[in-house]
Amino acid sequence: MQATVAMAAMQAPVITPQENSIMAEETDKRKVVIELQNIKRYFQVGSETVKALRGVSFKIYEGEFVTIQGTSGSGKSTLLNQLGCLDTPTSGEYFLDGVSVRTMSKNQRARLRNRKIGFVFQNYNLLPKTTAVENVELPLMYNSNISAEERRERAIKALKAVGLGDRLEHKSNEMSGGQMQRVAIARALVNDPAVLLADEATGNLDTRTSFEMLVLFQELYKQGNTIIFVTHNPEIAEYSSRNINLRDGKIREDTINKNIKSAAEALAALPQPQDD
């Protein structure tokens, strides 16, 4: 064990104080989209206090593709609710695009959520028997400053961006799982949010379609979108720029991925589907 640690120490690059200062300065120049300061969330279940989050702190910068990974019971669902402004912490501070969230009313959080967060759900959450355009228009309907004509134009633009320009008038019950998830991603993008928040976005998809979605997320990342991808699947972290690992309500690891795998290459390497 000691030899292993010693070898790791010898292999680790030596960073001078000057280099460390430059790195810190470069980091500080990036815009902070999300900042959590010692977030705790406790629930009272009968006589027992369940400590779902036990002091979580981190910053997410503009343009990052961050996976938040953990097994069942790790606290990631509770953290997702905090990040999505669906719940407030027992203590601690949460800033979304520079705005303090903790003391907001439910209605204030709903407005902030609609303007700043684009949600992508595992189960798509599309309106049934409603066209792709109409589903994507939905978040814009809560903004009285946007006309019906502009809503439609922005919805069509978002659908074309995710490769569904030829499915504009298809209803959700006429589309495959991958197509429905693309509609959900277009809906998340249509408001030009500060962050895309994906909850197990590949969880209901087969392997090939999952990689197609990862290709799309990597393309959005390259375009400068900020993405948070909450998942129980550790493999997803290989395709993101940073991974935060939760266990027992605490951050156990927060690592930068310096060797991001290409989802497009992984997709190309998959065997071609064959009929049974």
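The values are calculated or read from the model by the stated rules, or taken from the named source; none is laboratory data. The structure displayed is predicted, hence computed values, not measured ones. Note that each Cβ is placed from the backbone with ideal geometry, even for glycine, and that neighbours are counted across all protein chains shown. Surface accessibility is based on the protein's heavy atoms, side chains included, excluding ligands, DNA and RNA. Shrake-Rupley method; radii C 1.70, N 1.55, O 1.52, S 1.80 Å.
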**Request:** Collect residues whose amide H, placed 1.01 Å from N in the peptide plane, falls under 5 Å from the amide H of residue 242; neighbours closer than 5 in sequence don't count.
**Result:** 65, 67, 257
**Request:** Calculate what fraction, in whole %, of the accessible area of the range 103-254 sits on carbon and sulfur atoms when a 1.4 Å probe is rolled over the protein chains.
**Result:** 43
**Message:** Run the helix sum for the chain: -39,500 (n - 2.57) per DSSP H stretch of 4+ residues, divided by residue count, reported at 222 nm to the nearest 500 deg cm²/dmol.
**Reply:** -10500 deg cm²/dmol
**Asked** Put a dot 7 Å past each Cα toward the Cβ at residue 72 and residue 272; how far apart are the dots in nm?
**Response** 3.9
**Item:** Whole-Hz ³J(HN,Hα) from phi, Karplus 6.51 cos²θ - 1.76 cosθ + 1.60, for the range 117-132, glycine and proline x
**Value:** 10, x, 8, 10, 9, 4, 9, 6, 6, 8, 6, x, 6, 10, 5, 4
**Complete:** With every protein chain kept in place and a 1.4 Å probe, the chain has an accessible area per residue in Å² of 55
**Request:** Please work out how much accessible surface residue 58 shows to a 1.4 Å probe, ignoring ligands, DNA and RNA, in Å² rounded to 10.
**Result:** 10
**Prompt:** Can you list residues whose amide H is under 5 Å from residue 33's amide H, if they're 5+ apart or on another chain and H is modeled 1.01 Å from N?
**Reply:** 60, 61, 62
**Lys pairs, the range 135-276 - Cα-Cα below 23 angstrom, 8 or more residues apart or on other chains** = 6
**Prompt:** Only one of the listed values, (1) 19.7; (2) 20.4; (3) 18.5, was derived from the coordinates as Kirkwood radius over Cα pairs in Å; which label is it?
**Reply:** (2)
**Request:** Taking the chain as the reference, fit the longest principal axis to its C-alpha atoms, fit the long axis of helix 106-116 to the helix C-alpha atoms, and give the angle between the two in degrees, 0 to 90, nearest 10.
**Result:** 80
**Request:** Please give the helix 177-189 orientation as an angle from the longest Cα principal axis of the chain, in degrees from 0 to 90, rounded to the nearest 10.
**Result:** 80
